[in-house]
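Asker: Here it is, the structure in full.
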Amino acid sequence: MSILATNLPGLNLKNPIMPASGCCGFGEELGQLYDLNQLGAIMIKAATPEPKFGNPVPRVAETPDGMLNAIGLQNPGVAQIIKTKIPYLQQNFPELPIIANVAGATEADYVAVCQQIGKPHLVSAIELNISCPNVAHGGMSFGVDPQMAYELTKACVAASEVPVYVKLSPNVTNIVTIAKAIEKANPAGFTMINTLVGMRFDLTTRQPILANQTGGLSGPAILPVALHMIHQVHLACDLPIIGMGGIQKPEDILEMIIAGADAVAVGTANLIDPFICNKLIQALPATMAEYNIESIESLIQQRDKIE
Amino acid sequence: MSILATNLPGLNLKNPIMPASGCCGFGEELGQLYDLNQLGAIMIKAATPEPKFGNPVPRVAETPDGMLNAIGLQNPGVAQIIKTKIPYLQQNFPELPIIANVAGATEADYVAVCQQIGKPHLVSAIELNISCPNVAHGGMSFGVDPQMAYELTKACVAASEVPVYVKLSPNVTNIVTIAKAIEKANPAGFTMINTLVGMRFDLTTRQPILANQTGGLSGPAILPVALHMIHQVHLACDLPIIGMGGIQKPEDILEMIIAGADAVAVGTANLIDPFICNKLIQALPATMAEYNIESIESLIQQRDKIE
Amino acid sequence: MVFDDQLTVIQQKEIAVGTFEMCLAGEMAKRPIHPGQFVNIQIPEASLRRPFGIAEVNQQAGYIKIIYRVVGAGTEAMAQLALGTKLQVLGPLGHGFPIDQLPKKATVLIVSGGTGLPPLYELTRVLAARGHQLDIALGFPTKNRVFYEENMAQFGHTEVITDDGTYQNKGLITDLLDQSFSTKSYDAVYACGPRPLELAVSQRFAQHPQAYISAEARMACGIGICNACVVRTPDNGYKKVCSDGPVFHVNEVIL
Amino acid sequence: MVFDDQLTVIQQKEIAVGTFEMCLAGEMAKRPIHPGQFVNIQIPEASLRRPFGIAEVNQQAGYIKIIYRVVGAGTEAMAQLALGTKLQVLGPLGHGFPIDQLPKKATVLIVSGGTGLPPLYELTRVLAARGHQLDIALGFPTKNRVFYEENMAQFGHTEVITDDGTYQNKGLITDLLDQSFSTKSYDAVYACGPRPLELAVSQRFAQHPQAYISAEARMACGIGICNACVVRTPDNGYKKVCSDGPVFHVNEVIL
Ligand SMILES: Cc1cc2nc3c(=O)[nH]c(=O)nc-3n(C[C@H](O)[C@H](O)[C@H](O)COP(=O)(O)OP(=O)(O)OC[C@H]3O[C@@H](n4cnc5c(N)ncnc54)[C@H](O)[C@@H]3O)c2cc1C
Ligand SMILES: Cc1cc2nc3c(=O)[nH]c(=O)nc-3n(C[C@H](O)[C@H](O)[C@H](O)COP(=O)(O)OP(=O)(O)OC[C@H]3O[C@@H](n4cnc5c(N)ncnc54)[C@H](O)[C@@H]3O)c2cc1C
Ligand SMILES: Cc1cc2nc3c(=O)[nH]c(=O)nc-3n(C[C@H](O)[C@H](O)[C@H](O)COP(=O)(O)O)c2cc1C
Ligand SMILES: Cc1cc2nc3c(=O)[nH]c(=O)nc-3n(C[C@H](O)[C@H](O)[C@H](O)COP(=O)(O)O)c2cc1C
Ligand code: FES
Ligand code: FES
């Protein structure tokens, strides 16, 4: 057993590290840079029922130790993803577990995508993106209302043949209320956090920098918020968590696992250093040794025993 | 008329810059470093009915481009503040408008403090801190519930003889809902944002770094979140806003005014450079010139005309 | 292939008001680089990288050159970097200017506006070395912003226009094209500059089979994974400036 | 008065495994500095400043010295700083060790543990210059972490103990005090080191009117405005380590 291995429903991962949705496309570009078989898994870009162009540009802005994005779920549509994107990954990186990020404007959208892509021969798991702040309809509106989140999750769990993870929004007064509501719909786990809503203005034009006005804040800036929310949900719910939000160093990964995560995803850091996931996987064992951590699994067990 | 002047209820400020509550004590230390008469105003540390020791240490932790604090409203109590702290400021800095930050565990606490300190011969305005994330009772619990926030504000407005500003918490699903509820209680304006809740863990002990476990995230990291929320409240409500959250450069001040603020407060930056407010006041005119901004008032007027 | 090389700042020079030339030594100089490709540079204190056209590749001396104008916090920080500073530089990125299809001794028009010049300088060097005949139109806002006129002039007939007429001709780059470059017919046209320039060139050469512009866009990754930098295509599709471009045929994208 | 001086790194030297001596040149060296005061240093990349005791003031050569151990991200970054780097240094901060009240030729005991040594070195220099008689007890974890033994020894009778006995005596600092420094009675005791050491010294000299420790606390501002660094006092009040301390009489605060 590898000291890096970690197990979640549907995801027996050789290490806890995966690129986060929207920060690795469909693996085609990163696949040119390093062997994606090395990754714990990959969370591909959001899939919607139809192709989606997304928001007008500018879509990104810089912030202190972070960035705003308002991509708007641009993707070629679930059919195309199934037809070309997933086969590319399966053929080139047969050992790589794929997690499909599912989005939509209505419950029917989500269910339709889950029905099509939520098949064991296609993906290992589904990540329900009910927390995207950058679309006018759907997205985050599902993720901030306990009842809607519960119903959507229930419908998607029923529609999918693979484990369903629900991606939580940090833009809520009480994330535990939402998580507990969702837990009743029997998903496999949570992924968290999606981006915080933020904004920047251009001093010359005196207008928002992003064409969409607002965007999602990601990167190191949000790490302490992510750690807090992961910890809260970990204490309140029994489901495993794939943690994300601001990871850039091996230490961040261990800190997030201590907070309550069972695996982690790396988002923004890929946009700054496309080799980052590979580097983190290489560097993690030495950092674990520094802090007397024998294995990821032992760290998780010891954490759970204390509480 | 100075190009830096800005006017809010009870606050005719010679410039828009003031140190934020909790980041300047009661002015005694900063008053040794520069002439506080130069400041737009000062927001003194929270006042509670009785002296308060606050939380155990460690009370601060570092985060990427930010910090967590869990001071826990340590203060000598309202009576002592009225007896020694305010007289110190009034005697040494007669031109300095004082804004008293008011906190408590119950509505009665808030009202009692407002009755005592909310007098024109003592302070220019009150800032109701219904958004402190670092106390077990009161604080943020008032600021995340529209009805409680409304009632508390109403009681405090009635109890005070000076304008009352309400300090909003960013830890909510919809800040507009809260702001609109509070607006009905006729406060003079809003101050925003208080800190986001966050957490850090020590890899060696595998425990939270802060003795209080969670803390409030402040500093540049939260700037885009502050800008967004200020913009939302500015568009939805008619009250003036004292903006804060992550300011460290003159550009940040102008950006926050463009977003919707009528004056700004500087928090964490004082802890890193105690001369910062003074420096910002000196530097602001040149930065304004760079962006063809004639005066703070014209920037505010032009902003409000566009919308 | 894309590499993330650690390069060393070995030269920093202000070549016009607010415009700097920076030479970066290291492995990148030995990579196969096509004119028009760019690099994405990690700058201390900035959270996102900054994209810059590769202005010159000097394989022998082992450096690449970029030319940048100070316009914001990132470029301001760059201008402060001491010699010897090490920077992470991702590249070479994107597709460059198509040039292999040119006939022998082709006549080529280069149209540059302001800091659109850097990638065109490398292009010009390479085209000249291949024996093509170059006409070069350079636009700048004003006299003290003019740079690289002589560098370009060594490779072909070069004329300059400034918006305010403080140096050589006065007017827009389109005026210069009307004036001095409208009689010849060119085998290819390559342009880079601010959006108005690129729009004008796109309209003027809309029918030209070999007219190319290098587009600009706010980027994050620079390698095609984030979809920050998309432009619309006439068929209602889209292209990513970073990985499908930055060079496009003038009809390929809607600027 | 507190100043925020820009100082230049003019020396960096590893004086024991992971322990560095750094000299910082500039105005601060000419400020009136009392032994036991500290500075709060802004380190590139770190958002909060880092506090360090002033280990030596060299007014003539125009530098102050700090001695620091690499324990985390901030001190790691410090150890990488090149000579010539400019740092914002806030100081002098806090109150130093009370020494003006000492009788002539006082006998003084100095108790140091690990990186508690730096402020005690400056204290020792000043006390010796004033003609006081010093006994010095130095504790370190292990041999390769020992530093400044000779520097201290020039000013008084100095003994070292290591936790593992790899250098000189073996045991805790209290063992060393029992062994070598328990017969004399001292006019004053000054201690700085990890919490266990300071606790032990506080208990041992609880009745001593002139026994002082320099406390450590997580700080933000370093000047008394944020209340990050409080310690409880026996009367249920509190003191701020940064502005009321860092030096306290052993009975003044509850460690
Ligand atoms: C493919 C490509 C090649 C380029 N080549 C050159 C070159 O050779 N020389 C040169 O001077 N400039 C070039 N630019 C523009 C250059 O990238 C920007 O001027 C620079 O990023 C501004 O950074 P800043 O921090 O100073 O500005 P800020 O405004 O502080 O930057 C904030 C953010 O906006 C982005 N941004 C700001 N302006 C631009 C812009 N015009 N284009 C794209 N992103 C922008 C920054 O990258 C950053 O993410 C190129 C841009 C692209 C896309
Ligand atoms: C008044 C005073 C004087 C000091 N003098 C010295 C000295 O002369 N030599 C020396 O080596 N060390 C000294 N220290 C301790 C030194 O400040 C810390 O070792 C240093 O801040 C660690 O920074 P880091 O980024 O490497 O550690 P990190 O753990 O990465 O720092 C994270 C945060 O915790 C704080 N922190 C971590 N450890 C400590 C600590 N032990 N004490 C206070 N804050 C801490 C940091 O300041 C920072 O805010 C002193 C501390 C104080 C309060
Ligand atoms: C450019 C960009 C695009 C993103 N697209 C998606 C997406 O399509 N679906 C999704 O669930 N999350 C998306 N996210 C959110 C990330 O997956 C992640 O939750 C968030 O960025 C926090 O992690 P980080 O700080 O490591 O980036 C996107 C983030 C960025 C920066
Ligand atoms: C150490 C510290 C103490 C604070 N204490 C208070 C307080 O007593 N009352 C209050 O309303 N806000 C308090 N705040 C919040 C600040 O006033 C401010 O709203 C917040 O820090 C965001 O601004 P900044 O990013 O500029 O720091 C405190 C913040 C810090 C960092
Ligand atoms: S910048 Fe990321 S896709 Fe082009
Ligand atoms: S560190 Fe701020 S009060 Fe002591």
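All of the numbers you see were taken from the coordinates with simple rules; none came from a lab. What you are looking at is a predicted structure, and each value in this text was computed from that prediction instead of being measured. Note that we place each Cβ from the backbone using ideal geometry, even for glycine, and neighbour counts take in every protein chain shown.
Asker: Can you give me the distance in nm between label points at A:Ile3 and A:Gln301, each placed 7 Å from the Cα along the Cα-to-Cβ direction?
Answerer: 1.5 nm
Asker: Could I ask something else about it? Please enumerate, by chain and number, the aspartates and glutamates with C-alpha under 16 Å from the C-alpha of A:Lys14, excluding those fewer than 8 residues away in the same chain.
Answerer: By straight Cα distance, A:Lys14 reaches A:Asp35, A:Glu95, A:Asp262, A:Glu294, A:Glu297.
Asker: Where both residues lie in the protein assembly as shown, what percent of DSSP beta bridges are antiparallel, nearest 5? Write out the running numbers ahead of the final one.
Answerer: Numbers: 106 of 202 bridges.
Bridges in the protein assembly as shown that DSSP calls antiparallel: roughly 50 percent.
Asker: Once you have a ≥ b ≥ c as the square roots of the Cα gyration tensor eigenvalues for the stretch C:107-214, tell me rounded if a/c is under 1.5, and otherwise prolate or oblate according to whether a/b is larger than b/c. Display every interim value, and only then the final one.
Answerer: Details: a/c = 1.55, a/b = 1.18, b/c = 1.32.
Taking the square roots of the gyration eigenvalues as a ≥ b ≥ c, the stretch C:107-214 is oblate.
Asker: Are there GluC sites (Glu not before Pro) in the stretch C:1-99 that DSSP puts in a loop and that have at most 14 other Cβ atoms within 10 Å, and which ones? Walk me through the numbers on the way to the answer.
Answerer: Working: sites: C:Glu14, C:Glu21, C:Glu27, C:Glu45, C:Glu56, C:Glu76; in loops: C:Glu45.
Of the GluC sites (Glu not before Pro), the ones in loops of the stretch C:1-99 whose Cβ has at most 14 other Cβ atoms within 10 Å are C:Glu45.
Asker: Here's another thing I want to ask about it. Each label point is 7 Å from the Cα along the Cα-to-Cβ direction; what then is the distance between the points at A:Thr204 and A:Lys119, in nm?
Answerer: 5.1 nm
Asker: With n ≥ 4 as the cut-off for DSSP H runs, can you work out [θ] at 222 nm for the protein assembly as shown, using -39500 (n - 2.57) per run divided by the number of residues, rounded to the nearest 500? Mind dumping the intermediate values first?
Answerer: Numbers: 32 runs with 295 residues, N = 1124.
Using -39500 (n - 2.57) per qualifying helix, the result is -7500 deg cm²/dmol.
Asker: A further question on this structure: Which of A:Lys167, C:Lys30 comes first, and how do the rest follow, when ranked by fewest Cβ neighbours within 10 Å? Intermediate results must be reported in sequence, preceding the final value.
Answerer: Details: A:Lys167 26, C:Lys30 13.
Ranked by crowding around the Cβ, least crowded first: C:Lys30, A:Lys167.
Asker: Along the Cα-to-Cβ line of C:Lys105, 7 Å from the Cα, sits a label point; which residues in the stretch C:118-142 have backbone N less than 16 Å from it?
Answerer: Within reach of a label on C:Lys105, which here means backbone N under 16 Å from a point 7 Å along Cα→Cβ, the stretch C:118-142 contributes C:128-135.
Asker: On a straight-distance basis, which aspartates and glutamates could pair with B:Lys154 in a cross-link, Cα separation under 18 angstrom, same-chain partners fewer than 8 positions away excluded?
Answerer: In chain and number order, the partners are B:Glu107, B:Asp109, B:Glu127, B:Asp145, B:Glu183, B:Asp238.
Asker: Right, next: To test your reading of the geometry: what angle, between 0 and 90 degrees and rounded to tens, separates the Cα axis of helix D:195-204 from the longest principal axis of chain D?
Answerer: 30 degrees
Asker: A follow-up question, please. Run down the aspartates and glutamates and flag those whose C-alpha is under 14 Å from the C-alpha of D:Lys170, throwing out any fewer than 8 positions away in its chain.
Answerer: In chain and number order, the partners are D:Glu159, D:Asp178.
Asker: What is the fewest-to-most order of B:Val102, B:Val60 by other Cβ atoms lying within 10 Å of their Cβ?
Answerer: Numbers: B:Val102 31, B:Val60 24.
So the residues, fewest neighbours to most, are B:Val60, B:Val102.
Asker: Tell me, what HN-Hα J-couplings in whole Hz come from the Karplus equation 6.51 cos²θ - 1.76 cosθ + 1.60 at θ = phi - 60° for each residue of the stretch A:252-265, using x for Gly and Pro?
Answerer: Each residue's phi maps through the Karplus curve to give 4, 5, 5, 5, 5, 5, 4, 5, x, 7, 10, 7, 9, 10 Hz.
Asker: I'd like to know how chain B sits against the 2.2 N^0.38 Å rule of thumb: what's its Cα Rg over that expected value?
Answerer: Values: Rg = 17.9 Å, N = 307, 2.2 N^0.38 = 19.4 Å.
Rounded to two decimals, the normalised Rg is 0.92.
Asker: Which whole-number percent is the relative contact order of chain A (Cα, under 8 Å, 6+ apart)?
Answerer: On the way: 714 pairs, mean separation 61.7, N = 307.
This gives 20 percent for chain A.
Asker: Can you work out the FRET efficiency for the pair D:Gln168 and C:Ala79, with r the C-beta to C-beta distance and R0 = 35 Å, to the nearest 0.05?
Answerer: Values: r = 54 Å, r/R0 = 1.54.
Efficiency at R0 = 35 Å is approximately 0.05.
Asker: Among C:Ile15, B:Ile257, what is the fewest-to-most ranking by other Cβ atoms within 10 Å? List each step's numbers first, then the result.
Answerer: Details: C:Ile15 13, B:Ile257 24.
By the 10 Å Cβ count, ascending: C:Ile15, B:Ile257.
Asker: What FRET efficiency comes out for B:Tyr88 versus D:His249 if R0 is 25 angstrom and r is the Cβ-Cβ distance? Round to the nearest 0.05.
Answerer: Calculated value: 0.40.
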